[in-house]
Amino acid sequence: MTQRTGRIRKWSVSALAAIALLSGAVGCGSDDDGDDAASSTTTSGTEAPDSGGEGTLIRVPQDHDTIQAAVDAASEGSVVLVDAGTYEEAVDVTTPDITIRGVDRNEVILDGGFELENGIRVLDTDGVVVENMTARNYLSNGFFWTGSDRFRGSYLTAYRNGDYGIYAFDAYHGQFDNSYGGGSPDAGFYVGQCYSCDVVIDNVIAEYNGLGYSGTNSGGDLYIINSTFRNNRAGIVPNSGSYELCYPGRSNTIVGNIVHDNNMLDGPGIDVSLIAQGNGILLAGSINNVVERNLVFNHDRTGIAAVPFPEEDASDVPPPESDLEIPCDEIDPPSGDEEIELVLWNATGNRFVGNVIESSGLADMASATLAFTEDDLVTAELNNCFSGNTFTSTAPVDLELLAPCDGEGNGGDFTDGELNLGVLIADLPPTPDKDSYKTTPEPPAQETMPGDVEAPHVHFEAPEKPDVDAITVPAKPSP
Amino acid sequence: MRALRTRTAALALALVAGGFAGCSSDDGGGGASAGGTVDGDVVAVTAPAGPPSGAEGPSRHVGPQGRVGQFVVHCTYSHSGAHDPIVHPGHEGRSHLHDFYGATEVDSHSVVDSLLGEETTCDKSPDTASYWQPTLYDHGEIVEPTAIDAYYRAAPGVSPTEVVPFPLGIALIAGDQTASEPQPGEAVGWACGSRTVLHEEPPECPASAPLHLILTFQDCWDGEHLGSADHQSHAAYSADGTCPSTHPVHLPQLTVSVAFPISGDGHDLSLASGNVYSAHGDFLNAWDPDGLRREVEQCIHRDVVCDLASNRGEEPLFTG
C-alpha cells in the first residue's frame, strides 16, 4: 500500500561525516537545581470502576515481601503501596489498571545492583500507574512501558540505568510528569514508535544522560513541556530511523522548556549522542515539529537546530507525505528484501517561534542538510521556519528573514553562513567507557508526591491535552 | 535468581524435563504434543544421526524491528580458542578456532553444569549460554569481533504462545561448516549493520554499518534429544509457521548477528572453517531456566518488544 518515493543512494563514508556539528571542548556547565519549571501537570481520569478488586490496598512488605508478589496479587483497581526501603527486584507488571506507589519518592528505592535489567517493566498491560519511587542501577531501564497504553509515571526518579531512565515504546495515551531521569547512556526520557502517541511529558528534569530526551519515530499529540534538560550531551533530540517502525518521527510539540549546558563530555553516551553532542534542541531527521517559547542557552554547537539523520543500513525509505497521518499499526511494514544503501532523513517542516536562545558556540538557531546530488534537498528547501525568536546568531545568517513562519522569505542566500556539516565531524568527542553511567552523579532528594499515599487508584484514560498557548518562556534559573 | 548448579548429567537432564514441563503448562500447544517424550525421568541426550533436518533453512524476520514480540541479548566478545564443546567435546585443539560470547569460561570441556551461574558477557545476566562462530580472517590476520545481538522471537507464522523456552543443554548449529559453495536457504548470510538482506559473500560495508554475520537457528525440536550425532537431527526449521511432525515443539527462533569491525574495500576474508561459504554458528543453551522462561513468557508469549538492537549503539557513525 505504501508507495515508496524516497531515493536510494550510495554515498561515501567520508561524506556521511557531515551529520555532526562541530564539537566544542568545554566541560559541564552550571549545576543549578532547575526546579523552577512550572508544575502544571494535569490528568484526566475517574475513580476506579466497580469491578473486581477495586480499592484493594496491598502493602509491601507488610502484605507481600516483594513488589513483584504484590503486583501479581493485585487486581484491577488495586494500589500496591511500597514502604520505605531498598528493593533488589526487577518487577514485571501484567496486571492492568493498578497503581504502584511508593510512600516516599526518595526512600522507596528499586536497586538493580547492575545485575538486573529493568526496575519496573510493564508488558502489554494497559492502565498501569507508577508513582513516587526511585529506580537505579539497572542494566537496561528504570521504568519501562512496552506495548502498554494508558500509562502514567509520576514523581519518579531514575538514575544510573544502562539504557533509558523512563521509557515508553509502542505505548499510547500516556504521561510522564514531575519526574527525573539522569545518568543514562541513551536518554533520560524516551518515547518511541508511536503515532499518534497522545503522550505528555511535563515538568521533568533530565541531566547527565547521553540525550536528555530521545524519541525515535514518535509524535502526534506528543508534548514536551515545562521541563528542564541540562548537562546532557544533547538536550531534546527527536529523531527518525527505519530500524524501527513508524518512521519518521513527526509532529512533536516542544514548548516552555529550559534547555541549557548540554555539553557533557565526561559522562555516559551512546554513539548517536556523541554526534548530537553540544546541542540544545536538535531535531535529527524529525519533521513537522513545533518548537516554541523555550529558553535555551550555553551550548557548544547550536541552541536549536534542524539537521538530517543519514541511515546507512536503512530498512526502508521515507514514506510519502500522504502516509504521514496513518497510525503506526495501520502501516504495512516493508518487505525487507530490498537492499537500500542509504536514506537521508531530513528535518523538514519544523516551526521555531518565540524561543529565547543565547550563548551558542556555533549558532543559536540552525537549519541544515546534506546535499550530494542534484536530487537532494538543499537548505532552502527544508521548509523549516523561524519567527519571533530572541537570538544573536543563526546558520545560515538572517534565518528569520530567509525563512519566516508568517509570510514569504526575503529571497536571500541560504548558503551564506550555512553550517558545513561535511567538515564538522572531525571533532567527535571521545567515546566514553560503557560503564560510565554507573558513576554519574546521584541526584539530590526530589520533590515527593503530594497528597495521601493511601489514596485509591484513579483510572487513567489519557493525559489531558495541555494548554500550550498559556505557556510562556520560562525564567532563567539561578546560577 | 541464579539456577541451581547441577552436578551430574542425570540431574541436568531432569532439569531439562522440569523446565520444559513448566514452560509448556500454559500453552497446550507444542508443549503438549511433545510432553510424553519428556515426562520421563531420563531424556536421551543424543539422537541418532539421520537425514539433515531443515535443509530448506529458516523463514526469517526481515525489515524493521518492532512488529513482533522479541527480546534481544547483547553479548560482547569474550574469547577465542580451538574449542568446540558441541562437535568435539573434551578434545582440546581438535576444533578450528572459534570466537565465543556469553559464558566466559567456555572451552572444549564445558558442559551445561560448568556454565550455569557463571560470568557472562551478555547484558542479561541470566544468559550464561554460549554462542560461537569460526574466527574470521582478513588477509590471514585474525579479525576480533565486536559483539553479538541474539534475537529471540517466534518464527514467522508461529503462534507466539506455542513457543517454549530452549531446554537446558540443547545444542544447535546453524549453517554447514563443510560448505565450500554458497549454502542453500538463509540459515547463514552476511550483511551490513542492521540490514536484514543477506549476501552469500561479505558485502562491502560502510563504517557506520560494518560487516555482520547473520545466523538463524532451528526453531523446532523433537522434544526428546538435546543433541544428535550429526548435530542436526534433533532440530529442524519451521515452514509457514508449522514444525514438522518429527520435531513438533516450537522453540524461539534465535537469530544471532555477529558484528565485525570490517568496512570498506580491499579485504580478503576467510573463516577458520574454510572460505566464507563455510559460515556457521553454535548455540549451547545454559541460560538460567527461570530467567529464560520469564523472557519467553513476558516478551514472546505477550508479543511485545522487550528490547531493540539498533544502529544507535553501533560502531561510531561517520568516522570512516
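Bear in mind these aren't lab numbers, they're just calculated from the coordinates by the rules spelled out. What you are looking at is a predicted structure, and each value in this text was computed from that prediction instead of being measured. Ideal geometry is used to build each Cβ from the backbone, glycine not excepted, and the neighbour counts take in all protein chains shown.
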In deg cm²/dmol, rounded to the nearest 500, the helical mean residue ellipticity at 222 nm of chain A, built from -39500 (n - 2.57) for every DSSP H run of length 4 or more, is -1000 deg cm²/dmol
Per the Kirkwood treatment, what hydrodynamic radius in Å, one decimal, follows for the range A:332-479 from the mean inverse distance over all distinct Cα pairs?
20.6
Computed P(r) (all Cα pairs; the range B:124-257; 10 Å bins; percent):
11, 39, 35, 14, 1
If you take each beta carbon of peptide B:204-211 and count the beta carbons of other chains within 10 angstrom, what is the mean?
5
Once both label points are put 7 Å beyond Cα along the C-beta direction, the B:Ser159-A:Asp435 separation in nm becomes 4.6
Mean shadow of chain A, computed from the convex hull of its alpha carbons, in nm²?
21.4
HN-Hα J in Hz across the range B:255-270 - Karplus 6.51, -1.76, 1.60, θ = phi - 60°, x for Gly and Pro:
10, 10, 10, 9, 9, 10, x, 10, 8, x, 10, x, 8, 10, 9, 8
Counting partner chain Cβ atoms within 10 Å of every residue's Cβ in A:191-198, what's the average?
1
Calculated from backbone phi, Karplus (6.51, -1.76, 1.60) coupling profile of the range B:224-235 in Hz, x at Gly/Pro:
10, 10, 7, x, 7, 4, 9, 6, 10, 5, 7, 9
Considering only chain A, what is the antiparallel percent among its DSSP beta bridges, to the nearest 5?
5
Across peptide A:267-276, what mean number of C-beta atoms from other chains lies inside 10 Å of a residue's C-beta?
3
Pull up all non-local amide H partners of A:Gly174: gap of 5 or more, or a different chain, and H-to-H distance under 5 Å with H placed in the peptide plane.
A:Phe151, A:Val199, A:Val200
Out of the trypsin sites (Lys or Arg not before Pro) in the range B:110-196, which ones are loop residues according to DSSP with at most 13 other C-beta atoms within 10 Å?
none
Taking amide hydrogens as modeled 1.01 Å from N in the peptide plane, which residues meet the under 5 Å criterion relative to A:Val108, leaving out close sequence neighbours?
A:Gly85, A:Thr134
Among beta bridges assigned by DSSP with both residues in the range A:310-443, the antiparallel ones amount in percent, to the nearest 5, to 25
What does the charge count near B:Gln177 come to, summing +1 for each Lys or Arg and -1 for each Asp or Glu among other residues with Cβ under 10 Å from its Cβ?
-3
Once the Cα atoms of the range A:249-406 are picked out, what are the Rg and Dmax in Å?
16.3, 48
Looking at the square roots a ≥ b ≥ c of the eigenvalues of the Cα gyration tensor of the range A:205-272, which shape do they give, rounded for a/c under 1.5, prolate if a/b is larger than b/c, or oblate?
oblate
Backbone HN-Hα couplings from phi across the range A:175-190 [Karplus 6.51/-1.76/1.60, Hz, Gly and Pro as x]
8, 10, 9, 6, 10, 10, x, x, x, 10, x, 8, 10, x, 10, 8
How about the range A:370-406: which GluC sites (Glu not before Pro) there are in a DSSP loop, with at most 13 other Cβ atoms within 10 Å of their Cβ?
A:Glu374
Evaluated at 10 °C and 1.306 mPa s, the Stokes-Einstein D of the range B:97-170 based on the Kirkwood radius over Cα pairs, in µm²/s, stands at 110
How large is the Rg to Rh ratio of the range A:129-183 when both quantities use alpha carbon positions and Rh follows Kirkwood?
0.95
Stokes-Einstein at 25 °C, 0.890 mPa s, Kirkwood radius from Cα pairs: D for the range A:57-182 in µm² s⁻¹?
180
Over the range A:197-335, what lengths in whole Å, largest first, do the semi-axes of the equivalent ellipsoid take, defined as the square roots of 5 times the eigenvalues of the alpha-carbon gyration tensor?
26, 17, 12
Stokes-Einstein D in µm²/s, Kirkwood radius over Cα pairs - the range A:287-337 at 10 °C with 1.306 mPa s viscosity
107
Please identify the GluC sites (Glu not before Pro) of the range B:119-184 that satisfy two criteria: DSSP loop assignment and at most 15 other Cβ atoms within 10 Å. Which are they?
B:Glu119
